[in-house]
């Protein structure tokens, strides 16, 4: 369904849809591909991987040169909150401002507007909206919302026991407990070696969980 290589960071393949979603990393690309498929939107929203947060501004600068950009009427941008969702939203807005100033013509610059708040679409012929994971308010990342979706899974209580056991054995905590907890959860599935994007494609996260509702609403509004 997608041209080869769209999951690659900064792909310059021609744009083929009026609705564009750009996300942070290959596994996020696969996650959102699976969620859009669940929503019946996979043929309506095109997904691109802009790479890491430091590459967002540069990728936004290249958009105007990609064939089909003039036909895009809706742009959604997703990134992780990490420690602070407000700071992350401001960083996305800063990347949009950088891209606007770098665009060669005023007409292009005016198309790439900067939203005033998360999940608020800008007016104009190209609506721009931003979603900060996990919910545009709390700190966290894509792994945070995935873990929240499986809080009632029978395997989830075992995660606390597992990491408590490691602590009792004198093993230092991992640098990113959220990512570690998610991988520990995924090890309980039928295919225990999948990464986040692959797990989403496999259906390991319950899309009907309420934690996904704001994100699903955002994707439907793009």
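Could you list all residues from the range 53-86 that are under 25 Å from residue 216 (Cβ atoms) and without any contact (Cβ under 8 Å) to a residue 40 or more places away in the chain? Selection gives 53, 56, 86. With the structure loaded, tell me whether residue 125 is in the same structural domain as residue 64 (by TED's automatic domain parsing) and surrounded by fewer than 18 Cβ atoms within 10 Å (Cβ to Cβ) or whether it fails that test. When the stated conditions are applied, residue 125 passes them. The residues listed here are 118, 134; of these, the one that is within 16 Å of residue 75 (Cβ to Cβ), modelled with pLDDT of 95 or more and either buried (at least 18 other Cβ atoms within 10 Å of the Cβ) or not assigned by TED's automatic domain parsing to the domain that holds residue 72 (or both) is 118.
Look at (1) under 20 Å from residue 79 (Cα atoms); (2) assigned to a helix (DSSP H, G or I) and you find that residue 185 fails only one, number (1).
Against the condition outside the structural domain of residue 38 (by TED's automatic domain parsing) and modelled with pLDDT of 90 or more, how does residue 171 come out, does it pass? Considered against the rule, which asks whether it is outside the structural domain of residue 38 (by TED's automatic domain parsing) and modelled with pLDDT of 90 or more, residue 171 comes out as no.
The values are calculated or read from the model by the stated rules, or taken from the named source; none is laboratory data. Note that the structure is a prediction, hence the values are computed from the model and not measured. A quick note on method: Cβ atoms are made from the backbone with ideal geometry, for glycine too, and the neighbour counts reach across all protein chains shown.
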